[in-house]
Amino acid sequence: MNAIIPWLNSLTEVFDYPLGWLLWLPRDISLLLFAFGTGLAMTLARKGVTNQQLLHRCAADLRRLKQLRAEAMSKGDKQAVARVRSTVGQIKGIQLTADLRVLAVVLIPVALLAIWAGERFDYIPPTIGEPIVIRAHFSASSIGKLTHILPTPELGLVSPPIQAVRSDSQSPSTGVAEWTIRPPEPGDFQITFRHQGESAVHPLRVGQMTYLAPQQQQQGERCSHTEVDLKRYHPLGLDLGGRWIGLPPWMIAYLILTLVLVPVIKRVLHIA
């Protein structure tokens, strides 16, 4: 996992060059434009890798076959209905082959775009002066013992720097300590935790268009990981059922927007 993180960070930074301007817009608008761009790219790829004349004929034939099927059903002609169904199946097989060819071409680029969006849209970047909760998670042997955070001026520490490790209500077999900070200036900071002779460092970015990963795995024997409690991005303020589906809210909205926009773009550009 640790070997993958630098690769993801590099990929995200590369995609920031063509896509980073989206982050300066209101998040709902940037997500809409991102979905539109994805839909447009998929539609143009479809035009480039498929036989458009053949697909347009398929669409026209399906419309005509729908009429013939309705006529045959009104007359009670079961053989004619069966023939129409067979022909429809053959035509849809041609369309499916074209769809699979498009999918093979766009799968990797769309996956890379989704990785970038996951690193940029999942949370709301913390702002200057906003109270931010940070936590350090420990093994059960640390419960009841003291830990502290290194109080530096740029963090704007609100809580007492020394805290007792308590049992984690989410995972009673582990310990947790938390602090609240209110950074007064923008920048990239290093949050340093001390506990039983060990140190852990968590990077934090404040007052910028991007955020750093809110969870950080630690290598110490007692401190397992640290986290910054960033706000999740909810399109239009809606949860969209992410807790049950298992996807972040932005991705659900992104998938819905893309599925809605692709047929519209195809119709506007006359692409089958």
Roughly how large, in nm² to one decimal, is the mean projection of the convex hull of the alpha-carbon atoms in the chain? 19.9
Normalised alpha carbon radius of gyration of segment 117-169 [divisor 2.2 N^0.38 Å]: 1.46
Note, segment 215-228: 3J(HN,Hα) by Karplus (6.51, -1.76, 1.60, θ = phi - 60°), whole Hz, Gly/Pro = x, goes 10, 9, 6, 10, 9, x, 6, 9, 8, 7, 7, 10, 8, 10
3J(HN,Hα) from dihedral phi, segment 142-149, Karplus parametrisation 6.51/-1.76/1.60, rounded to Hz, x for glycine, proline: 8, 4, x, 8, 8, 9, 8, 9
Table column - 3J(HN,Hα) (Hz), segment 150-161, Karplus curve with 6.51, -1.76, 1.60, x for Gly and Pro: 6, x, 9, x, 5, 7, x, 4, 9, 7, x, x
Filter the DSSP H helices in the chain by two things, a Kyte-Doolittle mean of at least 0.5 and an axial alpha-carbon span of 27 angstrom or more, and list the hits by number. 27-49, 78-121, 249-269
A convex hull over the alpha carbons of segment 172-229 yields, per residue, a volume in Å³ of 97
Convex hull of segment 1-61 built on C-alpha atoms - directionally averaged projected area, nm²: 7.1
Where Lys and Arg each count +1 and Asp and Glu each count -1, what net charge lies around Phe138 among other residues with Cβ under 13 Å from its Cβ? 0
What Kirkwood Rh does segment 132-232 have if only Cα atoms enter the pairwise 1/r average? Answer in Å. 13.7
Cα-derived Rg over Rh, computed across segment 67-159 with Rh taken as Kirkwood radius: 1.49
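Read-outs: derived from the displayed coordinates by stated rules, not from any lab. Not measured: the values here are computed from a predicted model. Neighbour counts run over all protein chains shown; Cβ positions are idealised from the backbone, glycine included.
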